[in-house]
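Below is one structure, written out as structure tokens, with a few remarks after it.
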Amino acid sequence: MKLLKPQLLEKDIQRQVIEWLNYHNFYAFRFNSGMISTGEGKTKRMVKLGEVGMPDVLAVKQGQFYGFEIKRPGKEPTFLQNLAHEKLRNYGAKVYTIHSVEELMAILGT
């Protein structure tokens, strides 16, 4: 019987990426998008968290803005994510899709 190595969940990769970036003097944080419901009854309402498609992790270092879309190995960004990423690139941001801290390190040249 072949034992399969469990894959990290996307949230685990995000946590590792944020920790690595913060350790290497980036200001990095998780960016939530979509909507959530708050309140009950007549006070119930939907609150927009952020623009759909924004990268999972945003970071800044020495005036450069970065966006990192975190995906599990074998997964790629959606159409709406690609549109948002291209929009950020048009404003000078560096936006990448990564699947591990090792990919992050390779992109940043460390």
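The values are calculated or read from the model by the stated rules, or taken from the named source; none is laboratory data. If you're wondering where the values come from, they're calculated on a predicted model, not measured in any experiment. For neighbour counting, all protein chains shown are included, and Cβ atoms are generated from backbone atoms with ideal geometry for every residue, glycine included. When the accessible area is computed, the model is the full protein with side chains, heavy atoms only, and any ligands, DNA or RNA have been set aside. Shrake-Rupley method; radii C 1.70, N 1.55, O 1.52, S 1.80 Å.
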If you take every DSSP beta bridge fully contained in the chain, what fraction is antiparallel? Give it as a percent rounded to 5.
75 percent
So who's got an amide H within less than 5 Å of the one on residue 97, skipping anything under 5 residues away but keeping other chains? H placed 1.01 Å off N, in plane.
69
26 Å Cα cut-off, lysine pairs counted over the range 8-110 (separation 8 or more, or different chains):
17
Cβ under 14 Å from residue 69's Cβ, residue 69 left aside: what net charge do those residues give with Lys, Arg +1 and Asp, Glu -1?
+2
Using θ = phi - 60° and the Karplus curve 6.51 cos²θ - 1.76 cosθ + 1.60, what whole-Hz ³J(HN,Hα) does each residue of the range 30-46 get, with Gly and Pro shown as x?
7, 10, 8, 10, x, 9, 10, 9, 10, x, 9, x, 5, 8, 5, 8, 9
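How many times 2.2 N^0.38 Å is the alpha carbon radius of gyration of the chain? Don't skip to the end; give the middle numbers.
Numbers: Rg = 16.2 Å, N = 110, 2.2 N^0.38 = 13.1 Å.
Compared with the compact-globule rule of thumb, the chain sits at 1.24.
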On each of the three principal axes the extent of the alpha-carbon atoms of the range 6-59, given in whole Å and largest first, is 46, 30, 18
Set Lys and Arg Cβ to +1 and Asp and Glu Cβ to -1, take the dipole of the chain about its Cα centre, and tell me which of 106, 93, 55 lies farthest positive.
55
On the accessible surface of the chain, probed at 1.4 Å with all protein chains in place, carbon and sulfur together account for a percent value of 56 percent
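Any idea what diffusion coefficient the range 35-89 gets from Stokes-Einstein, in µm²/s, Kirkwood Rh on alpha carbon pairs, 10 °C, 1.306 mPa s?
118 µm²/s
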Peptide ranges 38-51, 87-100 listed from the most packed, as the mean C-beta count within 10 angstrom indicates:
87-100, 38-51
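Before I look further, what does the chain give for accessible area per residue, probe 1.4 Å, in whole square angstrom?
On the way: 7700 Å² over 110 residues.
Dividing the accessible area of the chain by its residue count gives 70 Å².
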